[in-house]
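Working notes for the structure below.
The values are calculated or read from the model by the stated rules, or taken from the named source; none is laboratory data. Quick caveat: nothing in here was measured; it's all calculated off a predicted structure. Here the Cβ is made from the backbone with ideal geometry for all residues, glycine too, and neighbour counts use every protein chain on show. Surface accessibility is based on the protein's heavy atoms, side chains included, excluding ligands, DNA and RNA. Shrake-Rupley method; radii C 1.70, N 1.55, O 1.52, S 1.80 Å.
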Amino acid sequence: MTGVGRDPGVPGDRPGVLASFQEPVFRTTWLGAVLFGLAVSMERLAIGWFVLDETGSVLLAALSFAVRTVPNLVIGPIAGAVSDRWSRAGVLAAAALVRMVAATLMALVVVAGVAVVPLLIALAAVSGSTNAFQTTALQPLQADIVGRERLGNAVSLTSLGQRSIGVAGALSGGVLIGWLGPAPALLVATAPLALAALLFARAHGATARPRGGARFAAEVLEGLRLIVTTPVVRLLLGMMIVVEIFGFSYMGLLPAVADLVLDVGPEGLGVLTAGASAGSMVGMVFLVGAADRLRRGLLLVGVFAFFGALLLVLGNSTLFWLSLLAAGGIGAAAAMVDTLEWIMLQEAVPPPLRGRAVGGWHFAIGWGWIGPITLGALADATTVSIALTLGGTVLLLSAGSVWLAAASIRDR
């Protein structure tokens with residue numbers, strides 16, 4: 001499929017930073033993606049705080065985040081092949097419904113109070129597995145709709161919407177948890193998921209794609225070969241593994257920063273999480289206008305270094321305002337890393353392989369479970385500061401290594 005909206009072969013068609021919104025199908029899928037992001041932010045906040053409050057263990061709280069990425073090791077390549085084979089809008093609707101059911105079951109488990117933490121961690125893994133299908137379908141779907149020329153703009157706009165709504169999700173989730181507890185917050189998160197499923201189903205007919213002729217297993221294997229044999233893809237995914245383990249793990253440690261370091265309670269955690277979301281908005285506003293104009297590889301290396309430096313600040317701050325600023329900067333860096341990777345991976349492969357390229361990204365973030373478990377255990381054994389300092393140092397060293405030795409990324 002060459003595109004539902006714009007002709008991807010038409011060069012120089014960039015009438016403005018909101019150009020992708022000219023396509024009605026893009027507007028529908030964008031709104032569905034934003035609602036999906038709202039639910040994700042509320043669910044993650046509720047589970048992370050509840051597990052820490054229930055057990056007092058930074059490791060278990062971090063584990064509740066880590067288990068969301070483990071399924072990607074297996075599901076990522078499969079989800080990518082599903083995206084390249086079937087209707088991407090239909091895949092998105094199914095992912096929203098599965099996540100809605102998982103959030104409902106989480107709320108029931110909290111209310112029932114039976115084997116709560118093990119069951120919540122298991123359900124978090126189920127909920128997290130929907131991310132692979134959501135991302136591998138959503139990112140190539142945007143290229144289908146707006147064409148290659150506006151791919152950077154479309155991906156950045158969608159990411160901006162998802163990150164922006166994360167502020168509302170974090171703040172409202174923190175207030176709900178502090179006022180009524182985590183179960184009501186989880187139930188509230190099911191409403192935007194239901195609306196997202198309806199919107200994606202509405203876009204299904206306009207973005208339907210014919211089923212391919214190759215066998216499904218062969219398509220999955222083709223996606224795995226793509227990871228191994230394409231140098232740029234291989235390097236991009238290697239960078240993603242590093243930042244997922246040592247950078248994005250900060251999310252699993254943030255409840256401990258709020259509780260053990262800053263002593264600000266769930267409301268303070270909500271503000272810190274909202275600060276990270278607000279920072280991600282700033283990063284996405286920048287990319288909306290610049291993603292199709294800058295050297296993305298050079299920018300990616302710079303963002304890596306910025307991410308690492310701010311982790312050092314967050315890990316060594318005892319001032320709430322400074323920690324909040326650091327969280328905002330980290331949110332901007334995290335959002336830009338993800339978005340730049342999605343764009344660059346899709347540009348590195350032929351259009352029929354875009355879903356599998358993003359599936360490779362999910363395979364890479366599937367290794368992310370190592371970070372929250374390792375850094376969470378280190379935080380339990382020493383301090384949260386030492387764990388975050390280690391993560392920031394590794395990212396700074398990685399950025400320097402890519403700058404010196406990987407011209408294929410740096411010069412793109």
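If you count only protein heavy atoms and use a 1.4 Å probe, how large is the accessible surface of GLU267, to the nearest 10 Å²?
Estimated to the nearest 10 Å², GLU267 gives 90 Å².
Provide, as a two-decimal number, the C-alpha radius of gyration of segment 41-144 over 2.2 N^0.38 Å, N being how many residues it has.
So the Cα radius of gyration is 1.16 times the expected 2.2 N^0.38 Å.
Over the residues of segment 70-208, compute the C-alpha Rg and express it relative to 2.2 N^0.38 Å.
After normalising by residue count via 2.2 N^0.38 Å, the value is 1.14.
Of TRP30, TRP179, TRP49, which has the largest mean-square fluctuation in a 10 Å C-alpha GNM of the chain?
TRP179
With viscosity set to 1.306 mPa s and temperature to 10 °C, compute the Stokes-Einstein D of segment 143-204, Rh being the Kirkwood radius across alpha carbon pairs; µm²/s, no decimals.
The estimated diffusion coefficient comes to 115 µm²/s.
Lys/Arg Cβ at +1, Asp/Glu Cβ at -1, dipole of the chain taken about the Cα centre: which of VAL228, SER57, PHE246 is farthest positive-ward?
Going by the Cα projections, it comes out as VAL228.
I want to verify a result. In a Gaussian network model of the chain, Cα cutoff 10 Å, which of these has the top mean-square fluctuation: THR229, THR69, THR393?
THR229
What FRET efficiency, computed as 1/(1 + (r/R0)^6) with R0 = 25 Å and r the Cβ-Cβ distance, is obtained for PHE21 and LEU298, rounded to the nearest 0.05?
0.30
Between rounded, prolate and oblate, where does segment 266-412 land on the alpha carbon gyration tensor, with a ≥ b ≥ c its root eigenvalues, rounded for a/c under 1.5, else prolate if a/b exceeds b/c?
In terms of gyration-tensor shape, prolate.
Would you mind computing, in nm to one decimal, how far apart the modelled labels at TRP179 and TRP403 are, each placed 7 Å from Cα along Cα→Cβ?
Computed distance between label sites TRP179 and TRP403 equals 4.6 nm.
Leaving ligands and nucleic acids out of the surface, order TRP367, TRP342, TRP321 by accessible area at 1.4 Å, largest first.
Heavy-atom accessible area, descending, gives TRP321, TRP367, TRP342.
In whole Å, what is the distance between the alpha-carbon centres of segment 86-132 and segment 175-195?
14 Å
Regarding the chain, what are the three Cα extents along the principal axes, ordered largest first, in Å?
On the principal axes, the chain reaches 55, 49, 40 Å in Cα extent.
By accessible area of protein heavy atoms, probe 1.4 Å, what ranking do ASP380, ASP53, ASP144 get, highest first?
Order by accessible area, largest first: ASP53, ASP380, ASP144.
Among rounded, prolate and oblate, which fits segment 347-408 when a ≥ b ≥ c are the square roots of the eigenvalues of its C-alpha gyration tensor, a/c under 1.5 means rounded, and a/b larger than b/c means prolate?
Oblate is the answer for segment 347-408, as a/c is 1.5 or above yet b/c matches or exceeds a/b.
Determine the shape class of segment 289-376: with a ≥ b ≥ c the square roots of the Cα gyration tensor eigenvalues, call it rounded for a/c under 1.5, and otherwise prolate if a/b is greater than b/c, oblate otherwise.
Note, shape of segment 289-376 comes out oblate.
So which trypsin sites (Lys or Arg not before Pro) in segment 226-309 pass both tests, a DSSP loop state and at most 16 other Cβ atoms within 10 Å of the Cβ?
Sparse-neighbourhood loop trypsin sites (Lys or Arg not before Pro): ARG293, ARG295.
How big is the charge dipole of segment 234-389 about its Cα centre, in debye rounded to the nearest 20, if each Lys and Arg gets +1 on its Cβ and each Asp and Glu gets -1 on its Cβ?
About 620 debye.
Before anything else, pin down the relative contact order of the chain: Cα pairs under 8 Å, at least 6 apart, normalised by residue count, whole percent.
29 percent.
With label points built 7 Å along Cα→Cβ from the Cα atoms of ASP263 and THR55, find their separation and express it in nm.
2.5 nm
Based on Cβ point charges of +1 for Lys and Arg and -1 for Asp and Glu, what charge dipole magnitude is obtained for the chain about its Cα centre, in debye rounded to the nearest 20?
Around 1160 debye, computed over the chain.
Farthest toward the dipole's positive end in the chain, which of MET336, ALA46, ALA81, given Cβ charges of +1 (Lys, Arg) and -1 (Asp, Glu) about the Cα centre?
Result: ALA81.
Sorted by average packing, counted as other Cβ atoms within 10 angstrom per residue and highest first, what order do 120-128, 72-80 take?
72-80, 120-128
Label points 7 Å out from Cα along the Cβ direction at GLU347 and ALA377: separation in nm?
3.9 nm
For the chain, what does the helix formula give at 222 nm: sum of -39500 (n - 2.57) over DSSP H segments with n ≥ 4, over the residue count, nearest 500 deg cm²/dmol?
-27000 deg cm²/dmol
Whenever you get a sec, compute what percent of the accessible area on the chain sits on carbon and sulfur atoms (1.4 Å probe).
The computed percentage sits at 71.
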